[in-house]
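The values are calculated or read from the model by the stated rules, or taken from the named source; none is laboratory data. Nothing here was measured: the structure is a model prediction, and the numbers come from that model. Quick reminder, even Gly has a Cβ in these numbers, built from the backbone with ideal geometry, and neighbours come from all protein chains shown.
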């Protein structure tokens, strides 16, 4: 636990010092704001529908932010050779991965909370409950966490940051489009693949509408755990290569 | 003590190291000498637990490096070829981070930092961001992170790489200071650097251990010919060539004397010898009432030994 906390503090400090992280934050908020102004608030709609639209667009922003915040985490350290410090310290690979992941997750949370004024604007002009907003934000955080874990895994695979970023993007796109792809398949493969989809089943029909399903929470936690585990195993395997 | 038995490492099907076996006693400063690609970095990375060996055993400070790398890492300080630095951190923050990673508490790090900054002479730049430091200072920060937790064993991979001559001397002095408190293992392909710093040398070539011992032991183990250059002058003003040749050829150990050439007001002779007979040569010259102007190896003894050893490795591969 101590090593996780040490790495967490360093990584979070690195995010706060890095212009790259703030550029990502600014970009995400800008895109969120433009979409909110241009599409979410356009026309007269039920406030619940408006909130759904907000979470619809924000989920894309959260996934994008997750990839952008994570694809450099290990590949950059490998490229600049600083990973050797972690590898030769009495720290386990799990602690390295978790320290980095929790730091990125914290920064993602800050980034998401900075967009909180938008649902507040909806609440001022309409009727939505705090729980709807809270569930939606929980969904954004969980889907972002899954994207972070995928990005972290891609980062553990590649030495080159660009390759890691592209690999993370491809993996996320594949997982998001599992649902429409699976429609063309027969049962039971269709149902299995659809349940594995990153967005349509677990976010669109649940969190986006303010509905909290335990299975959706478990799904995102499981995806996150799976990719973090892969990242740990990849780090271990690299020592044998 | 570091004990390595039959250590080898393959990258895919290509052998990068081994099998090699050696021991390093506590308090020793040992140099890994070898050309680029000889397997030095691979060996050091394995010892630092950054890399897993394909086969073999390592014991460091009584702990098995294969089954318990976590425990071994606590005993080791490692400076890789490229110092593992975070460019965005200040020197103090970075050393604090490195110390805590090695299991030190914040209070311990705070107590230790002044000593480390003094040893590595980083006091003036301690508040600076690492990314803004010169190469020499970065290398020093690399050494500082390796010694912050006072490890028993210190592994330095090419510590003078990329440094200018002044920085090389400073780094050499720093390593001399570190020898007092640590068992040090240094790798280099620069002969003079390693011969001046280390008590004992391990010569690596194409992944194999070609020789081991002090500089003199390595040289003594070789039976091949050495070269000595001696410059002499006859006080009488006569042409002394025949006399000098006769004197030099009579010295025990001198196998042949090459034709002389004029240098510095005297005549220089290149001697091929079967042993280090500089003392005998100088004595013979003086007893023959000739002036001894200069006496030197035409190439360093270690260099000769190194080239012979590595040349042997090339031939055997």
Take the conditions part of a helix (DSSP H, G or I) and surrounded by 13 or more Cβ atoms within 10 Å (Cβ to Cβ) and apply them to residue A:198. Does it pass? no
Within the range B:199-207, identify whether any single residue is assigned to a strand (DSSP E or B) and more than 14 Å from the chain's Cα centre (by Cα), and answer yes or no. yes
The correct count of residues that are touching a residue at least 60 places away in the same chain (Cβ under 8 Å) and surrounded by fewer than 24 Cβ atoms within 10 Å (Cβ to Cβ) in the range A:146-166 is 7
Hey, residue A:219 part of a helix (DSSP H, G or I) and buried (at least 17 other Cβ atoms within 10 Å of the Cβ) or not: yes
Among the residues of the range B:145-166, is any at the interface with chain A (Cβ under 10 Å from one of its Cβ atoms) and in a helix (DSSP H, G or I)? yes
Restricting attention to the range B:56-81, the residues that are within 12 Å of chain A (Cβ to nearest Cβ), out of contact with any helix residue (DSSP H, G or I) (no Cβ under 8 Å at 6 or more places or on another chain) and assigned to a loop (DSSP other than H, G, I, E, B) number exactly 2
If you go through A:226, A:177, the only one that is away from chain B (no Cβ under 14 Å), under 30 Å from residue A:132 (Cα atoms), exposed (fewer than 15 other Cβ atoms within 10 Å of the Cβ) and modelled with pLDDT of 95 or more is A:226
In the range A:44-127, which helices (runs of 4 or more DSSP H) lie fully inside it and hold 3 or more residues that are touching a residue at least 40 places away in the same chain (Cβ under 8 Å) and more than 24 Å from residue A:142 (Cβ to Cβ)? A:75-80
Please verify whether residue B:88 is at pLDDT below 95 and within 14 Å of another protein chain (Cβ to nearest Cβ), treating the condition exactly as stated. yes
Checklist (1) within 19 Å of the chain's Cα centre (by Cα); (2) in contact (Cβ under 8 Å) with a residue 40 or more places away in the chain; (3) more than 13 Å from every other protein chain (Cβ to nearest Cβ) applied to residue A:15, failing item: (3)
Filtered residue count, the range A:100-127, keeping only those that are within 14 Å of chain B (Cβ to nearest Cβ) and within 30 Å of residue A:210 (Cβ to Cβ): 1
Residue B:171 passes all but one of (1) within 15 Å of the chain's Cα centre (by Cα); (2) over 25 Å from residue B:82 (Cβ atoms); which number fails? (2)
Among the residues of the range A:76-99, is there at least one that is touching a strand residue (DSSP E or B) at 6+ places or on another chain (Cβ under 6 Å) and within 10 Å of chain B (Cβ to nearest Cβ)? yes
With respect to residue B:109, determine if the residue is within 14 Å of chain A (Cβ to nearest Cβ), more than 28 Å from residue B:40 (Cβ to Cβ) and not in a loop (DSSP other than H, G, I, E, B). yes
Assess whether residue A:6 counts as being within 11 Å of another protein chain (Cβ to nearest Cβ), more than 20 Å from the chain's Cα centre (by Cα) and either in a helix (DSSP H, G or I) or modelled with pLDDT under 90 (or both). yes
So which residues in the range B:240-271 are surrounded by 15 or more Cβ atoms within 10 Å (Cβ to Cβ) and assigned to a strand (DSSP E or B)? B:254, B:257, B:266, B:267, B:268, B:269, B:270, B:271
Condition (residue is crowded, with 19+ Cβ neighbours inside 10 Å and out of contact with any helix residue (DSSP H, G or I) (no Cβ under 8 Å at 6 or more places or on another chain)) applied to the range A:44-56: is it met by at least one residue? no
